[in-house]
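Have a look at this one.
The values are calculated or read from the model by the stated rules, or taken from the named source; none is laboratory data. Quantities reported herein were computed from a predicted structural model and do not represent experimental measurements. FYI the Cβ positions are ideal-geometry reconstructions off the backbone, even for glycines, and counts take in every protein chain you see. Please note that ligands, DNA and RNA were not included when accessible areas were found on the heavy atoms of the full protein model with its side chains. Shrake-Rupley method; radii C 1.70, N 1.55, O 1.52, S 1.80 Å.
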Amino acid sequence: MCTMSRACNHPAFWLLRAFPYLLVFQRWFTKLPPVLTFELSRFEFNQSLGQPEKIHSKLEFSQVIYMDRFLHSNKELIQARREEIKKLTDRMALLQQKLERYMRYGSGAGRFPLRDMLLYVLEFASTKPTPAEPHVKGHTSGMPPVHSRGIVIQTTENDEDAVASSYPEPVDGLYQFPWDPVEIPEYPAPRGVTEDEMSLVMTCLQRWRKEVEQDIQGLQDSIALLEETIELMYVDPSLHQVPYHLHAVLVHEGQANAGHYWAYIYNPPRKSWLKYNDISVTEASWEELERDSFGGLKNASAYCLMYIDEVLFRCAAGNGAEMLAGAAS
């Protein structure tokens with residue numbers, strides 16, 4: 001089971017798991033364009049319905065990306081990192097499988113966390129049986145008293161194979177039943193257990209639960225460490241030399257066959273995002289852009305991202321600053 005952890009959201013994790021041949025057939029940039037446009041696949045064709053559908057899954061993106069890992073000049077370094085990431089993701093998948101066996105324990109259809117099951121058995125074992133309620137002559141805890149049962153003889157059509165069956169016989173106008181609920185304790189509790197037996201059971205259960213908790217914690221810590229290692233694999237100053245800045249986000253709200261479009265464009269001089277929605281242009285925050293663009297919350301999501309290199313970004317900021325200065329004068 002994947003718990004939607006940070007590493008499971010890492011692009012390298014899914015790319016290498018889904019397309020292992022990427023480690024063999026690779027493309028590298030010898031020169032990058034000033035503008036990078038990413039088209040996000042937000043639509044798919046539903047074969048069963050025979051019509052297109054929009055994909056509303058959440059997809060996060062950052063305001064700055066680094067293209068160093070895709071340059072031919074860094075090929076050897078990146079290939080080594082990718083090989084290491086593959087090993088780490090394979091290792092993490094094995095640990096996730098082990099953790100799943102603890103979190104969904106059992107051989108039947110219904111499976112539950114093993115540590116919870118041991119805790120419930122501990123609670124049962126430590127519960128003291130409550131004394132039975134006293135019998136009231138003729139009645140027991142609101143139930144009618146148990147008395148004799150009537151007998152009925154049933155025969156077949158050929159008067160063969162006579163069958164005798166019993167039925168509750170009414171007493172004082174009430175039907176009686178062949179069991180006494182007074183004998184069942186108010187809460188489930190072990191009965192007929194010696195102190196030595198109970199001591200052994202409690203000792204074993206407590207030890208087993210502690211061992212299970214240690215195993216689960218160890219697996220979770222190892223998975224978290226692997227996630228962090230994968231995340232930091234490209235956090236290297238030598239791989240942060242070619243930044244691209246998010247410049248525009250095109251958003252679609254609706255379904256595959258209809259909807260509304262608008263755009264967010266970054267204004268470097270103002271250091272803010274502007275929302276272009278038909279004839280309306282308003283200032284927007286990054287948080288608003290996230291809500292509208294990442295998807296997963298509503299029918300709106302980004303379908304196109306545009307990033308610009310450092311030269312264009314600085315140029316836009318400089319020209320814009322000069323324009324603002326000129327307007328102010």
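Hey, for a label at ASP221 modelled as a point 7 Å past Cα toward Cβ, could you say which residues of segment 94-110 have their backbone N under 17 Å away?
Residues 95-96, 99 fall inside that zone.
Moving on. Quick one: net charge of GLU53's neighbours, Cβ under 11 Å, K/R +1, D/E -1?
+1
What ³J(HN,Hα) values, in whole Hz, does the Karplus curve 6.51 cos²θ - 1.76 cosθ + 1.60 give for segment 93-108 when θ = phi - 60°, with x put for Gly and Pro?
With the stated coefficients, segment 93-108 comes to 4, 5, 5, 5, 5, 5, 5, 4, 5, 7, 7, 10, 8, x, 9, x Hz.
At most 16 other Cβ atoms within 10 Å and a DSSP loop assignment: could you name the trypsin sites (Lys or Arg not before Pro) in segment 45-82 that fit?
Answer in residue order: LYS58.
Would you mind telling me the share, in percent, of accessible area of segment 180-329 contributed by carbon and sulfur at probe 1.4 angstrom?
For segment 180-329, the apolar C and S fraction of the accessible surface comes to 55 percent.
Given a Förster radius of 45 Å and the C-beta distance between LEU232 and SER199 as r, what FRET efficiency does 1/(1 + (r/R0)^6) yield to the nearest 0.05?
0.35
For a quick protection proxy, order the peptides 121-130, 236-245, 105-114 by their average other-Cβ count within 10 Å, most packed first.
My ranking of the peptides, most packed first, is 236-245, 121-130, 105-114.
In nm, give the distance between the simple-model label positions of LYS31 and GLU53, each being 7 Å from the Cα along the Cα-to-Cβ direction.
Once both label points are built, they end up 4.5 nm from each other.
If you plug each phi of segment 220-231 into the Karplus form 6.51 cos²θ - 1.76 cosθ + 1.60 with θ = phi - 60°, what whole-Hz ³J(HN,Hα) values come out, in order, with x for Gly and Pro?
For segment 220-231, the Karplus-derived couplings read 5, 5, 5, 5, 4, 5, 5, 4, 5, 5, 5, 4 Hz, x marking Gly and Pro.
Here's something else I'd like to know. Using a cut-off of 14 Å between beta-carbons, work out the net charge of the residues near PRO34 (Lys and Arg +1, Asp and Glu -1, PRO34 not included).
Neighbourhood net charge equals 0.
Please list, ordered by chain and number, the residues whose modelled amide H lies under 5 Å from the amide H of VAL242; skip anything fewer than 5 residues away on the same chain.
Residues meeting the amide H criterion: MET67, ASP68.
Then there's this: Compute the FRET efficiency between ILE184 and ALA109 as 1/(1 + (r/R0)^6), taking r as their Cβ-Cβ distance and R0 = 30 Å, and round to the nearest 0.05.
Once the sixth-power term is evaluated, E becomes 0.60.
Pop the C-beta distance of HIS240 and ILE279 into the FRET formula with R0 = 35 Å and round what comes out to the nearest 0.05.
0.30
Under a Cβ-Cβ cut-off of 9 Å, what is the net charge of the residues other than VAL242 that fall near it, where Lys and Arg count +1 and Asp and Glu count -1?
Neighbourhood net charge equals -3.
Could you compute how fast segment 180-329 diffuses translationally, taking Rh as the Kirkwood radius over C-alpha pairs and applying Stokes-Einstein at 25 °C with viscosity 0.890 mPa s? Give it in µm² per second.
Taking Rh from Cα pairs, D becomes 111 µm²/s.
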